[in-house]
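Step one of this worksheet: look at the structure below.
The values are calculated or read from the model by the stated rules, or taken from the named source; none is laboratory data. Treat the numbers as computed from the prediction; the structure is a model and nothing was measured. Here the Cβ positions follow ideal geometry from the backbone for every residue, glycine too, while neighbour counts run over all protein chains shown. Surface accessibility is based on the protein's heavy atoms, side chains included, excluding ligands, DNA and RNA. Shrake-Rupley method; radii C 1.70, N 1.55, O 1.52, S 1.80 Å.
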Amino acid sequence: MLPLLIALQFLTSLPVRLPAMPTPEQQGRSLLYYPLVGLLLGGLLCLATFVLDGTPPLLQAALLLTLWVALTGALHLDGLADSADAWLGGFGDRERTLTIMKDPRSGPVAVVVLVLVLLLKFAALLALLQAQQYVALLLVPVLGRAALLALFLTTVYVRPNGLGQALAANLPRPWARGVLAAVVLSCLPFGMAGLIALLMAAATFLLARRAVLRRLGGTTGDTAGALLELVECAVLVGLALQLGS
């Protein structure tokens, strides 16, 4: 139970208090619950959709996206902003890129990337809500957090004293593979929507992982947050585009 609470406390802004200081092993096991946290977030978004039924579509999409960001405390958006600044300002240099990521200030590149990602999410969310494709509200948060589990399972964490180091070092790898397999299988009953969501998530994951390996030789907490946001955005857009086919 404690690993689940750790995951909830780290990935959401929900008022979760841990009964005790977690051990490194418990921190590592918390990664296994990331997709479940995504399912919880998706359930809350679905509940909000029900509450907002009858609201003008534009306003409904805006309120849902605002709630989505609020529930996560904008944690992953912060990672996306830091990664965007570092990727352009790093000029291909590993150490310069890592240094810029530590800077809490956001430059114009970060602002532009954040605006574009949120705009794409809003537009895709609006299209999906108008088509009553509410399954996207479940698939997207789950796959975004499953991508984090896959990243820590397959990719070296490059900051020796970073928060993610304990997660990566203590992740139960056989269990992690099982959880990822369960996520894949759980998407298949949703038919074409589930398949498109999986393909978009997998393609985004592979491209992003390739980029961080080339530049950094592994991942950081910021690039992990960026990955989650990019996966969510790609899946939302992919599902929205599928509506017109």
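Take Val109 and tell me if it is in contact with a Leu (Cβ under 6 Å, 6 or more places away or on another chain), open to solvent by 40 Å² or more (accessible area, probe 1.4 Å) and of a type in the set (A, V, I, L, M).
Judged against the criteria, Val109 is a match.
With respect to Gly178, determine if the residue is open to solvent by less than 10 Å² (accessible area, probe 1.4 Å), modelled with pLDDT of 95 or more and not hydrophobic (A, V, I, L, M, F, W, C).
No; evaluated as a whole, the condition is false for this residue.
Is at least one residue of region 13-30 closer than 28 Å to Leu126 by Cβ and touching a residue at least 12 places away in the same chain (Cβ under 8 Å)? Before you say what the answer is, go through the steps one by one.
Initially, region 13-30 is screened for residues closer than 28 Å to Leu126 by Cβ, giving 13-14.
Those left that are additionally touching a residue at least 12 places away in the same chain (Cβ under 8 Å): 13-14.
Within region 13-30 (the criterion being closer than 28 Å to Leu126 by Cβ and touching a residue at least 12 places away in the same chain (Cβ under 8 Å)), the answer is yes, since at least one residue qualifies.
Could you tell me whether region 194-202 includes any residue that is small (Gly, Ala, Ser), modelled with pLDDT under 95 and at negative phi?
Scanning region 194-202, I find no residue that is small (Gly, Ala, Ser), modelled with pLDDT under 95 and at negative phi, so the answer is no.
Search region 39-62 for residues that are under 15 Å from Leu14 (Cα atoms) and pair each with any residue that is open to solvent by less than 40 Å² (accessible area, probe 1.4 Å) and modelled with pLDDT under 95 when their beta-carbon atoms are under 6 Å apart and the residues are at least 6 apart or on different chains.
Sorted first by the residue in region 39-62, then by its partner, the list stays empty.
Suppose we filter region 139-162 for residues that are assigned to a helix (DSSP H, G or I), surrounded by fewer than 21 Cβ atoms within 10 Å (Cβ to Cβ) and touching a helix residue (DSSP H, G or I) at 6+ places or on another chain (Cβ under 6 Å); how many remain?
If we filter region 139-162 for residues that are assigned to a helix (DSSP H, G or I), which is where we start, we get 139-154.
If we keep only those that are surrounded by fewer than 21 Cβ atoms within 10 Å (Cβ to Cβ) too, we end up with 153-154.
Within this subset, residues satisfying the condition of being touching a helix residue (DSSP H, G or I) at 6+ places or on another chain (Cβ under 6 Å) are 153.
Looking only at that region, the number is 1.
Each row is one residue, and each column tells you yes or no for (1) out of contact with any His (no Cβ under 9 Å at 6 or more places or on another chain); (2) at pLDDT below 95; (3) over 19 Å from Leu11 (Cβ atoms).
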residue	(1), (2), (3)
Arg145	yes, no, no
Gly164	yes, yes, no
Leu207	yes, no, yes
Ala211	yes, no, yes
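For Val117, indicate whether it is in contact with an Asp or Glu (Cβ under 7 Å, 6 or more places away or on another chain), assigned to a helix (DSSP H, G or I) and within 30 Å of Asp53 (Cβ to Cβ).
So Val117 fits the description; yes.
Pairs needed: first member in region 218-245, part of a helix (DSSP H, G or I); second member anywhere, polar (S, T, N, Q); C-beta distance under 7 Å; at least 6 residues apart or different chains.
So the pair list comes out as Asp222/Ser83; Thr223/Ser83; Ala226/Ser83; Leu230/Thr204; Val231/Thr204; Ala234/Thr204; Leu239/Gln133.
Looking at Leu198, Leu206, Leu227, which is the one that is out of contact with any strand residue (DSSP E or B) (no Cβ under 6 Å at 6 or more places or on another chain), hydrophobic (A, V, I, L, M, F, W, C) and closer than 12 Å to Leu80 by Cα?
Leu227
When you scan region 35-51, do you find a residue that is within 27 Å of Val183 (Cβ to Cβ), more than 16 Å from the chain's Cα centre (by Cα) and among the aromatic types (Phe, Trp, Tyr), even just one?
Yes: one or more hits.
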